[in-house]
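As structure tokens, the structure follows; a few thoughts come after it.
Read the figures in this text as sums done on the coordinates, not as results from a lab. Predicted model, so just to flag it, every value in this text is computed and none were measured. As a convention, Cβ positions derive from the backbone with ideal geometry for all residues, glycine included, and neighbour counts pool all protein chains shown.
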Amino acid sequence: MKKLLLISSLFSSIFFSSAFSEIKIGILFGFTGPIENLTPIMAESAELAFQEASESELLLDGEKIVSIKADTTCNNPDAASEAAKKIFNDNVAAIVGAICLEETKMILSKSNFSDKIAIISPAASFPSLKDLQRKNFFYRIGTSDNRGGQILADITKDKKIKKIAIIHANDDYGKNLIKVYKPAIEKKGIMITTILDHENEKNDYSSEVATLASAGGDAVAILGSYEKGGKEIIQASLDSGAFDRFILSDRMINQSLLDTFGNNLKKSSGYISGSTGKGANYFHKVAKSGGIDSSAPYVGESYDAAALIVLAIQAGGSADRKTIAKNIMKVSNSPGIKIFPGELKKGLDLLAKGKEIDYEGATRVNFTNDGEAIGSFLELKFKGKKFITKQR
């Protein structure tokens, strides 16, 4: 009987130790829908940071991170609402996400938990979200499109383009970007031959390309998403001979673009959020060891979002939701010892000893008081099936 009680006690000890040694973190992305080609690798990158922290055995009392994924579909607010409720009710301590505008707006304005849990988005770049932010509860590592539009105008000028045709998606992303890009390039003395909007996910954009071609220009700027019409616009431009030079916004950039068009893009340029600094080099090594392409869009930002949550847990000495939210700024900005990707164990150890850290990460993480990323950008040129990057 005593032996049975001992075995039962041991089993219970193991069970409860296992149960209480896990911290759940939500990953709230559009795993289906218009950006489904981007999100799986972003989630894998976030999980690299979780794995790194778990394997350090220094997080709180040796606790492990478990990710809980939910699919927002990106373009269906009802689905996003259900996904958000699912992981919130699953007792996640914080959330990496969301990405698309409508889902993020829904979470910030209509959910009843946006001021109860820290949400760090790797890529929600819409300027209009600033009005919905809850201080200390919503952070954006992806930089606002207001800055993106200015960067794209700088690139256009640097490429000595005198006349340009512009086509933008007839959605919030395209509308926000054109509001910044148009006056920025006009201020630089570049002539706009025409501005055209387009509906997403049509099968044929030949009429739109014909309109752009008739207006003329040294290049065409495409302010849209690759999987939602951008690919077809490039293809129609090349097939018709209308344009062979493109200025591309960040949502046009992914590996599929290179795989499909390769050397046809040799005269073209674009941009994404990112950095070529020390942190980027550290992240390249971490990503490579995890089998992840470090040049893919928003993978560095996803790692950084996850890393900040882990470090905020340690800084507050708790996986309590509000404690995490209050400590994100503490670990992300100066003063403190710089921490880079692959150095989470070092960061956790310093925090446990009461030291201050400044998580620089893969993307030069630095927030304003409102949780906005100050941001850095990479200009892209294309060489075969590779990106050539330059810090902007």
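For the chain, the Cβ-based charge dipole about the Cα centre amounts to some 1100 debye (Lys, Arg positive; Asp, Glu negative; other atoms uncharged). Contact order for the range 193-332, expressed relative to its length and based on alpha carbon pairs under 8 Å spaced 6+ residues apart, stands at 15 percent. Neighbour counts of C-beta atoms inside 10 Å place Leu152, Leu265 in the sequence Leu265, Leu152, starting with the fewest. How big is D for the range 272-392, in µm² s⁻¹ as a whole number, if Stokes-Einstein is applied with the Kirkwood radius of its Cα pairs at 25 °C and 0.890 mPa s? It comes out at roughly 165 µm²/s. Both numbers refer to the Cα atoms of the range 213-264; Rg and Dmax are 10.4, 31 Å.
Amide H contacts of Ala221: Ala165, Ile166, Ile167, Ile247, each under 5 Å away and 5 or more positions distant or on a separate chain (H built 1.01 Å from N in the peptide plane; Pro and chain starts excluded). Residues whose amide H falls under 5 Å from that of Phe29, counting only those 5 or more places apart or on a different chain, are Ala70, Thr72, with hydrogens built in the peptide plane. Among the trypsin sites (Lys or Arg not before Pro) within the range 252-360, those in coil by DSSP and having at most 12 neighbouring Cβ atoms inside 10 Å are Lys353, Lys355.
What 222 nm value per residue comes from the helices of the chain, counting each DSSP H run with n ≥ 4 as -39,500 (n - 2.57) and dividing by all residues, nearest 500 deg cm²/dmol?
On the way: 13 runs with 167 residues, N = 392.
Taking each H run of at least 4 residues, the total per residue is -13500 deg cm²/dmol.
For the options Ala169, Ala213, Ala307, a Gaussian network treatment of the chain with springs between C-alpha atoms closer than 10 Å singles out Ala213 as fluctuating the most.
Given the convex hull of the Cα atoms of the range 15-101, what is a quarter of its surface area in nm²? Present the calculation step by step, with values, prior to reporting the outcome.
Details: hull surface 23.4 nm².
That works out to 5.9 nm².
Between Lys267 and any residue 5 or more places off or on another chain, the built amide H atoms are never under 5 Å apart. Packing order of peptides 84-91, 24-31, highest average first: 24-31, 84-91 (average count of other Cβ atoms within 10 Å over each peptide's residues).
Which of the peptides 158-164, 217-223, 52-58 is most tightly packed, and how do the rest follow, judged by the mean count of other Cβ atoms within 10 Å per residue?
Values: 158-164: 15.1, 217-223: 25.7, 52-58: 19.0.
Top to bottom by mean Cβ count within 10 Å: 217-223, 52-58, 158-164.
Given a cut-off of under 8 Å on Cα pairs at least six residues apart, what relative contact order in percent is computed for the range 84-204? After rounding, I find 21 percent.
Each Cα pair under 8 Å and six or more residues apart adds its sequence gap; the mean of these over the residue count of the range 289-392 is a relative contact order of 21 percent.
Extents of the chain, largest first, come to 89, 41, 38 Å (Cα atoms, principal axes, whole angstrom).
For each pair in Lys105/Lys202; Lys228/Lys385; Lys330/Lys355, compute the distance between the two Cα atoms and list the pairs where it is over 23 Å. Present the calculation step by step, with values, prior to reporting the outcome.
On the way: Lys105/Lys202 26 Å; Lys228/Lys385 21 Å; Lys330/Lys355 11 Å.
The answer is Lys105/Lys202.
Here the range 84-156 is treated as a sphere whose radius is the Kirkwood value from Cα pairs; by Stokes-Einstein at 20 °C and 1.002 mPa s it diffuses with a coefficient of 166 µm²/s. When the listed pairs Lys182/Lys383; Lys160/Lys386; Lys116/Lys326; Lys69/Lys326; Lys159/Lys266; Lys231/Lys383 are checked against a 20 Å cut-off, the alpha-carbon distance exceeds it for Lys182/Lys383; Lys160/Lys386; Lys69/Lys326. Projected onto their three principal axes, the Cα atoms of the range 321-392 cover extents of 48, 28, 23 Å, largest first. Size descriptors for the range 240-291: radius of gyration and Dmax over Cα atoms are 14.4, 43 Å.
Protection proxy ranking of 357-367, 201-211, 171-181, 94-104, by the mean of other Cβ atoms within 10 Å over each peptide's residues and highest first, is 94-104, 357-367, 171-181, 201-211.
I need Ile328, Ile117 ordered by Cβ neighbour count within 10 Å, fewest first.
On the way: Ile328 25, Ile117 21.
Ascending number of Cβ neighbours within 10 Å: Ile117, Ile328.
Note that the range 351-364 has calculated 3J(HN,Hα) couplings of 5, 4, 8, x, 7, 8, 10, 10, 6, 7, x, 7, 10, 6 Hz, one per residue in order, obtained from phi through the Karplus relation 6.51 cos²θ - 1.76 cosθ + 1.60 (θ = phi - 60°); glycine and proline are x.
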